[in-house]
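Below: one structure, written as structure tokens.
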Amino acid sequence: MRNRKKKNGVNRLENLSVLILSADDISSGCEKLYDEERPLRLEIGCGKGDFVSGISASEPGFNYIAVERIGDVALAAVEKYAERRGLGTLDFHGGWRGPDGTLYKGEKWNIPVEKRGNVRFFIGDAAAFLEIAPKGIFDRIYANFSDPWPKSRHESRRLTHPGFLMKYAALLSPNGQLRIKTDNDGLFEYTLESLTASGWEILFSTYDLHSAETDPVIRGSNVATEYEKRFTEQGVKIKAVFASAPAG
Ligand SMILES: C[S@@+](CC[C@H](N)C(=O)[O-])C[C@H]1O[C@@H](n2cnc3c(N)ncnc32)[C@H](O)[C@@H]1O
């Protein structure tokens, strides 16, 4: 994903930095980061945040962490989430304008924890996040439209490589699920093989998610991502698989 450098990106991130997690926040346990303890969900490669903003509102009984490694893309996701939560808006002249009209320009706005909602962001590589996150804490892990890395020499970078699957398995709670969506046929076939070879149970899979929306497993619950909207407009069918990790 390419993105021109956002104007005042560092200052803009500082305004909403209470929504951003440090490595220490994660390694020391995530429950205390939210106003209420709820089952925790993880999205890897959240892009500009349509999915996490949408699902955190439509399924509010969970806390969410969204991971994105490109700073400017993550900034777009954080600002989108804050705006949709009614936490203000980016000011035309620069800075963040809170809902009461206060302007925060390059300074942290210490949003009260009960107003921060149920999403926090980690800006960094998924591999680093997966190393430091406590085991067994996630009810669900989402990886939507992850980069396909088609060359075989880059196979280990695919987010559904067995090496990544092993790490997800360690982070998921006993009934937890991994949910993958992609436009890419090659990555989808690879993912199905990788899951099966790694002992995961396939709970649901489809080569055409939007036609499958009458299936009780997903009825009415799909939240489209930015890439999903774009590919769907181009007539590309969306592939999806839900799986649970091998026991123990
Ligand atoms: C193709 S985009 C999809 C974005 C979004 N999930 C969607 O469906 O619209 C993939 C995103 O994942 C991020 N990403 C890829 N590999 C990552 C990794 N190892 N750690 C964190 N983010 C990653 C990229 O920076 C990019 O924003």
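The values are calculated or read from the model by the stated rules, or taken from the named source; none is laboratory data. Just so we're clear, the structure is a prediction, and the values are computed from it rather than from any experiment. Positions of Cβ are generated from backbone atoms using ideal geometry, with glycine treated the same way; all protein chains shown enter the neighbour counts.
Values computed for the structure shown
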{"quantity": "When residues of region 209-229 are limited to those that are within 15 Å of the ligand (Cβ to nearest atom) and over 18 Å from the mean Cα position of the chain (by Cα), the one surrounded by the fewest Cβ atoms within 10 Å (Cβ to Cβ)", "calculated": "HIS210"}
{"quantity": "Test for ALA126: is it among the aliphatic types (A, V, I, L, M), surrounded by 14 or more Cβ atoms within 10 Å (Cβ to Cβ) and within 16 Å of the ligand (Cβ to nearest atom)", "calculated": "yes"}
{"quantity": "Selected residue [surrounded by fewer than 21 Cβ atoms within 10 Å (Cβ to Cβ), under 14 Å from ILE44 (Cα atoms) and over 16 Å from the mean Cα position of the chain (by Cα)] from GLU131, GLU114", "calculated": "GLU131"}
{"quantity": "Candidate set: region 166-191, residues that are in contact with a helix residue (DSSP H, G or I) (Cβ under 7 Å, 6 or more places away or on another chain), within 14 Å of the ligand (Cβ to nearest atom) and not polar (S, T, N, Q); chosen: the one farthest from GLU43 (Cα to Cα)", "calculated": "ASP183"}
{"quantity": "Those residues of region 186-239 which are of a type in the set (Val, Ile, Thr) and either at pLDDT below 95 or closer than 19 Å to HIS161 by Cβ (or both), in sequence order", "calculated": "THR191, THR196, ILE202, THR214, VAL217, ILE218"}
{"quantity": "Selection count where residues are in a loop (DSSP other than H, G, I, E, B), of a type in the set (A, V, I, L, M, F, W, C) and within 9 Å of the ligand (Cβ to nearest atom), scope region 30-89", "calculated": "2"}
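Table: residues versus (1) small (Gly, Ala, Ser); (2) crowded, with 21+ Cβ neighbours inside 10 Å; (3) away from the ligand (no atom under 16 Å from the Cβ).
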site: PRO148; (1), (2), (3): no, no, no
site: GLY163; (1), (2), (3): yes, no, no
site: GLU201; (1), (2), (3): no, no, yes
site: SER205; (1), (2), (3): yes, no, yes
